[in-house]
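Starting off with a structure, shown below.
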Amino acid sequence: MKAVKLSSWVVMAFMMSNFFLYPANVALAKPASTTDSEAAIAPVSINKADVEELQMVRGIGPALAERIIDYREANGNFKSLDQLKEVRGIGDLKFEKIKSQMTV
């Protein structure tokens, strides 16, 4: 009987120590959403980025990265982000998804 009482005290002491050791905001923190994680990444420059850097943008794969660079080499630097829509494979929907991750 004494062992059961002692073990319950040990469990209670462990629970109380964890309560005081960890701040309350850790337990209440919400997981980051995709928009939070996207905002945390520095935007990629469409005028300076190479193929690998362009692929860091969620929604741009190797083929599209190559087409962006080909367009840039053929037409000069982009004047605005909207000009990305002139690259084959970037329509309005794709542009809306990637524009926050890019800069001129």
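Got at least one residue in the stretch 62-76 being out of contact with any His (no Cβ under 6 Å at 6 or more places or on another chain), of a type in the set (D, E, K, R), loosely packed, with under 10 Cβ neighbours inside 10 Å and at pLDDT 95 or above? Please lay out each step first, then the result.
So in the stretch 62-76, the residues out of contact with any His (no Cβ under 6 Å at 6 or more places or on another chain) come out as 62-76.
Now drop any that are not of a type in the set (D, E, K, R), which leaves 66-67, 70, 72-73.
Applying the additional criterion that residues be loosely packed, with under 10 Cβ neighbours inside 10 Å yields 73.
Pick out the ones that are also at pLDDT 95 or above and you get 73.
The answer is yes; a qualifying residue exists.
Please state which one of Phe19, Phe14 is at pLDDT below 60 and part of a helix (DSSP H, G or I).
Just one listed residue meets the conditions, Phe19.
Which of the residues that make up the stretch 68-94 are in a loop (DSSP other than H, G, I, E, B) and hydroxyl-bearing (Ser, Thr, Tyr)?
Ser80
Answer yes if at least one residue in the stretch 39-58 is small (Gly, Ala, Ser), exposed (fewer than 15 other Cβ atoms within 10 Å of the Cβ) and at pLDDT 95 or above, and no otherwise.
Here is the first cut: in the stretch 39-58, the residues small (Gly, Ala, Ser) are 39-40, 42, 45, 49.
Then keep just the ones that are exposed (fewer than 15 other Cβ atoms within 10 Å of the Cβ); that gives 39-40, 42, 45.
Add one more test, that the residue is at pLDDT 95 or above, and what stays is 45.
For the stretch 39-58, residues small (Gly, Ala, Ser), exposed (fewer than 15 other Cβ atoms within 10 Å of the Cβ) and at pLDDT 95 or above: present.
Working only within the stretch 52-104, note down all residues that are of a type in the set (S, T, N, Q) and either in contact (Cβ under 8 Å) with a residue 60 or more places away in the chain or more than 23 Å from Ile41 (Cα to Cα) (or both).
Within the stretch 52-104, Asn75, Ser100, Gln101, Thr103 qualify.
The values are calculated or read from the model by the stated rules, or taken from the named source; none is laboratory data. Given the structure is predicted, the values throughout are model-derived calculations rather than measurements. All Cβ positions, even for glycine, are placed from backbone atoms using ideal geometry, and neighbour counts span all protein chains on display.
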